[in-house]
Structures are given as structure tokens and as C-alpha cells.
1. Over the Cα atoms of region 75-135, what is the Rg over Rh ratio if Rh follows Kirkwood?
2. For region 131-280, treating each Cα as an identical point scatterer without solvent, what Debye log10 I(q)/I(0) comes out at q = 0.12, 0.18, 0.19 1/Å?
3. Along the charge dipole of the chain, Cβ charges K/R +1 and D/E -1, which of Gly71, Ile154, Phe265 sits furthest on the positive end?
4. Counting each pair of different Cα atoms once, what's the Kirkwood radius of region 154-220 in Å, rounded to one decimal?
5. Please give the Cα centre distance for region 37-70 versus region 226-274, rounded to the nearest Å.
6. State the dimensionless ratio Rg/Rh of region 29-115 (Rg: radius of gyration of Cα atoms; Rh: Kirkwood radius).
7. Under 20 Å from a point 7 Å along the Cα-to-Cβ line of Tyr150: which residues of region 101-121 have their amide N that close?
8. Roughly how compact is region 15-161, stated as its Cα Rg over 2.2 N^0.38 Å to two decimals?
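Derivation of every value follows stated rules applied to the coordinates shown; laboratory data play no part. In this text, all values refer to a predicted model and were calculated from it rather than measured experimentally. Cβ: placed from backbone, ideal geometry, glycine included. Neighbour counts: every protein chain shown.
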Amino acid sequence: MLAGQDHHAATRFGTPSPVIQIRGLTKQFSVRNRPVSIFNSLDCTIDRGSFVSVIGPSGCGKSTLLRLVSGLERPSGGSILFNGQAVSGPPHGMIYVFQQYAKSIFPWRTVIQNIAFGLKANTHLTRSETRERCREYLHLVGLDGYADHYPAQISGGMQQRVAIARALVCEPDVLLMDEPFSAVDAMTRALLQDLLLRIWTTIPVTILFVTHDVDEAVFLSERVISLGRAPSGISDDIAIGLPAPRDQIATRADERFIALRQRLFASIFQQEQQPAPEGS
């Protein structure tokens with residue numbers, strides 16, 4: 001049986017230690033020559049080996065937070081540390097999986113060529129070593145037998161598996177995922193959720209996962225961070241505490257799951273009903 005996810009980081013890494021530290025984070029945009037604040041002095045720490053989901057009402061800054069952590073955008077103030085080093089651009093050891101998987105994989109490359117692209121900068125691997133590692137990750141995401149298929153020849157769910165395998169083949173410390181399952185049907189989404197949990201319990205990776213789906217966040221995560229309406233920052237930070245392994249039927253029927261889901265959904269729904277604050 002897989003190790004319980006509530007203690008997953010501790011069992012793999014010993015005493016939990018921070019891999020991402022966010023201190024006093026502020027972010028402003030200019031819209032029609034008017035400043036709009038997304039975050040105002042946000043503080044947060046993500047432990048190594050953890051699975052953390054970020055949810056919140058529309059426009060609260062979920063995707064912006066991921067882009068700031070990844071170094072794709074610069075903060076207006078405060079600091080973000082990854083492995084103790086300030087993030088000033090995309091850091092080595094952190095990989096971003098985008099929502100639009102069909103736009104992130106190359107239609108003219110086969111499945112295994114797409115995965116191998118993630119190792120392009122890894123010059124110390126021979127061609128045979130590269131292909132062997134790619135096949136390992138093909139197996140990990142359940143795509144055995146599809147190595148020589150092109151993206152147009154496989155389903156959307158399989159294409160997202162390719163994108164995940166390409167990210168993981170680099171063996172990152174942190175995997176950032178921005179609503180990666182929102183474009184697939186409900187059954188495929190459930191299968192991809194199960195796949196992601198199997199991956200997380202198999203390899204040493206920290207996952208920071210953005211989703212609009214409260215049920216998905218509770219089902220997948222050790223911890224859920226709920227952002228409030230911008231620029232209020234974190235409105236709730238909950239340790240999930242559900243037993244592992246998670247099960248699509250039994251876990252979702254668990255009274256603890258239902259209570260957590262209701263608590264988070266009610267908070268977000270109430271905020272969605274409120275008018276946006278002046279100056280936000």
C-alpha cells in the first residue's frame with residue numbers, strides 16, 4: 001500500500017522543509033492607466049514533497065501566483081525563494097504544465113520525441129539513455145505502446161499525459177500545474193487525477209496545483225490554499241487529512257471530504273456574490 005499522503009512529505013524527506021517561500025508578495029498591473037492590485041503582502045510556504053492546491057474566486061490571482069512562483073512574471077514587491085534562492089526568472093528544477101496541453105506539445109513530433117524535447121538541454125545523456133528514460137516516463141503515465149504515435153492520433157487525455165511525462169522526464173523538484181485537466185471530459189479527468197496521485201506517490205516531486213474545481217482540490221491534495229478576492233490574499237489554508245490511497249468513489253463519499261468541500265465551496269461562493277472592492 002502507498003504511504004499515507006498526510007505524512008507523504010515527511011516519509012520521503014524526513015522533517016518537512018520549505019522548497020518555496022513567499023514573503024510579503026505584492027503584484028500590481030496597470031489597466032487603462034489605473035493600478036490594479038492582485039496581491040498585497042502575501043506570505044506562504046510550500047513544503048518539499050507536498051501536494052498543495054490553490055483555489056479561489058475568479059480573478060483572485062491563482063494563475064498569476066503560479067507565474068510569479070515560476071519566474072515567468074516579476075513581483076511588484078516582496079520575495080519568492082526556491083530552494084533558498086531568490087526567483088528572478090524561470091529556475092532550474094521547476095517545471096510548468098499549462099492548461100492548454102494541445103498548444104504545448106508539438107504536432108509534428110511523435111509522443112516519444114515530444115517527451116525527449118524536455119531533455120534537450122541535458123547534454124550528458126546519450127541518445128540511447130535519453131530514449132530509455134523517455135520510455136520509463138511513458139510507462140509511468142500509462143502510454144506504453146504509443147511512443148511512435150503523433151498527437152493527432154491520440155486522445156486529449158493522452159496528449160495531457162504526454163505533457164506531464166515531458167515535464168517529469170526532467171526530474172524537477174517542483175511541478176506547477178495550472179488547471180491541467182479542465183479541458184477534458186469528466187471520466188478522463190478522474191483518470192488523470194488518479195494518475196497524478198500515483199505519480200506523486202512514486203517519485204520525489206512537490207506539486208503546486210491550481211484549479212477552479214473545489215472537489216478536485218480536496219480529492220488530490222494534502223493542503224488547500226483558498227485565495228480571497230484580490231488583493232486580500234489567503235482567505236483559508238486547510239490541511240486536508242483524508243486517508244490514502246484516495247478513491248474516486250469512497251473518498252468522495254467520506255463525511256470528511258463532504259465537510260471540507262462544503263466549507264471551501266461556501267467561502268468561495270460567498271465571495272463570488274460580493275461586488276469587487278474599489279481599486280482592485
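1. Numbers: Rg = 15.5 Å, Rh = 14.3 Å.
Ratio value, two decimals: 1.09.
2. -0.59, -1.13, -1.21
3. Gly71
4. On the way: mean 1/r = 0.0813 Å⁻¹.
With all distinct Cα pairs of region 154-220 included, I get 12.3 Å.
5. 15
6. Numbers: Rg = 15.9 Å, Rh = 15.6 Å.
On the Cα set of region 29-115, Rg over Rh gives 1.02.
7. Correct set: 101-118.
8. Working: Rg = 18.7 Å, N = 147, 2.2 N^0.38 = 14.7 Å.
The value comes to 1.28.
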